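Here the structure comes first, spelled out in structure tokens, and everything after it is commentary.
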Amino acid sequence: MIFGFNTDVKHGDTIYHVQSEAREGELLLQTQVFVRGRCIGKKATSYASKNSEAQAGDSQKEQLLREQHRLVLDAIREGKLDNVLDHPEPEVLATVKELDVQWLNSESVHSDRNLTMQLRVTEGGAAAPGARLTFRFARPGGTPFYTQAVADSGGAAEIKIEVEEAELPDSTLLVQINQEGRTATRKFVLRKAE
């Protein structure tokens, strides 16, 4: 299983978050580009023909995904992002059911020595019950911590991690969602409230 790549890169005054993952259900290697949490474009490559020809292994898919991720990062640094992003027709976009996760309690996450995150998983805007979520919590200077949850009938999931509030600034939480062979990965960066 390929977990994916997440990189923040700055060009001018804009910070781009680039996220790449293998979408096994659709046989796609997908890279998405976000600015301030909003997806501004995607690059997707099908490996369906490679999969049927030689049963592409995870290491081969990971190498292709790594190259695609690097291509998008280089395009951002050179100011040529539009040259590498896909530009599908609106009708095609309307048929794609995207897995997504919303962070419901982002304003208040720490109490009683616990980081509590309430999330809602959706697919094409509708609740995604039974979706499996894998979390990787990493803080500066600390060992990463992993945990899992399953979305309930309304797509809701909650995790609690025992951690001191002082350790939260600049910590990251990587969430991978799996639903019937489809995957999505999101990265959340924790900041100190102003």
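For the chain, with only Lys/Arg (+1) and Asp/Glu (-1) charged at the beta-carbon, what is the dipole magnitude about the Cα centre, in debye rounded to 20? Before the final figure, lay out each step's value.
Numbers: 24 positive and 29 negative charges, 48 e Å.
About 240 debye.
By the count of other C-beta atoms within 10 Å, a proxy for reagent exposure, T116, T122 are ordered fewest to most as T116, T122.
Which ordering of F137, F5 is given by a fewest-first count of other beta-carbon atoms within 10 Å? Don't jump to the answer; show the numbers that get you there.
Working: F137 23, F5 19.
By the 10 Å Cβ count, ascending, the order reads F5, F137.
Could you compute the net charge surrounding G141? Neighbours are other residues with a C-beta less than 12 Å from the C-beta of G141; K and R count +1, D and E count -1. Charge balance near G141 sits at -1. When only alpha carbons of region 97-189 are considered, Rg and Dmax amount to 13.1, 39 Å.
When you restrict to C-alpha pairs under 8 Å that are six or more residues apart and normalise by the size of region 97-189, the relative contact order lands at 30 percent.
Pairs of C-alpha atoms in the chain farther apart than 30 Å represent 23 percent of all such pairs. Sequence-ordered 3J(HN,Hα) estimates for region 31-44 from the Karplus curve with 6.51, -1.76 and 1.60 and θ = phi - 60° stand at 10, 10, 10, 10, 10, 6, x, 9, 6, 9, x, 9, 9, 10 Hz, glycine and proline given as x.
What longest region of the chain stays clear of trypsin sites (Lys or Arg not before Pro) that DSSP places outside H, G, I, E and B and that have at most 12 other Cβ atoms within 10 Å?
Numbers: sites that count: R36, K80, R113, R191, K192.
The longest such stretch corresponds to 114-190.
Under 5 Å from the amide H of H11 lie the amide H atoms of Y16, each residue being 5 or more positions distant or on a separate chain, with H modelled from the backbone and absent for Pro and chain starts. Taking Cα centre as origin and charging only the Cβ of basic (Lys, Arg, +1) and acidic (Asp, Glu, -1) residues, the dipole magnitude of region 97-189 rounds to 320 debye.
Compared with the dominant Cα axis of the chain, that is its longest principal axis, helix 58-77 is turned about 90°.
Charge tally for Q32 (other residues, Cβ to Cβ under 12 Å; Lys, Arg +1; Asp, Glu -1): +2.
Counting neighbouring Cβ atoms within 10 Å and putting the fewest first, the residues V84, V189 line up as V189, V84. Picking from I76, I177, F188, whose Cα lies most toward the positive end of the charge dipole for the chain (charges on Cβ: Lys, Arg +1; Asp, Glu -1)? Going by the Cα projections, it comes out as I76.
Where a number appears in this text, it was derived from the coordinates with a stated rule and is not lab data. As the structure is a computational prediction, the values presented were derived from the model and not from experiment. Cβ coordinates were reconstructed from backbone atoms using ideal geometry, including for glycine residues, and neighbour counts include every protein chain displayed.
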